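**Student:** I have a structure I would like to understand better, so I am pasting it below and will then ask my questions one at a time.
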Amino acid sequence: EKILKLLAKRMEVVKRIGQYKKKNNLSALNKKRWHKVMESNLYKAVSLKLPKDFITKIFALIHKYSLKIQQ
């Protein structure tokens, strides 16, 4: 339940970010930022003994959906 609530909050933020980016003519995707976020999350995942491929897939899916909402 906690994960679902956090995802719902994230999607609300994503909508607002998308509106801002459209208003300011910015691209939804920032590759440098995305790579930094993934690198940071993979580092944290390893320290928590979570499989890298599991975390990569989860974050990629969340990111993909977030980009879809922003566009």
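The values are calculated or read from the model by the stated rules, or taken from the named source; none is laboratory data. All of these numbers come straight from a predicted model, not from anything done at the bench. Cβ sites come from the backbone with ideal geometry, for glycine too, and all protein chains shown count toward neighbours.
**Student:** With the chain as the region, which helices (runs of 4 or more DSSP H) entirely inside it contain at least 2 residues that are over 11 Å from the mean Cα position of the chain (by Cα) and of a type in the set (V, I, T)?
**Tutor:** Of the helices (runs of 4 or more DSSP H) lying wholly inside the chain, those with at least 2 residues that are over 11 Å from the mean Cα position of the chain (by Cα) and of a type in the set (V, I, T) span 2-23, 52-70.
**Student:** Moving on to the next point. Checking R33 against (1) surrounded by fewer than 12 Cβ atoms within 10 Å (Cβ to Cβ); (2) of a type in the set (D, E, K, R); (3) at pLDDT 95 or above, which single condition isn't satisfied?
**Tutor:** It fails just one condition, (3).
**Student:** Taking the stretch 45-71 as the region of interest, how many residues are polar (S, T, N, Q), more than 19 Å from V14 (Cβ to Cβ) and surrounded by 10 or more Cβ atoms within 10 Å (Cβ to Cβ)?
**Tutor:** Selection size over the stretch 45-71: 1.
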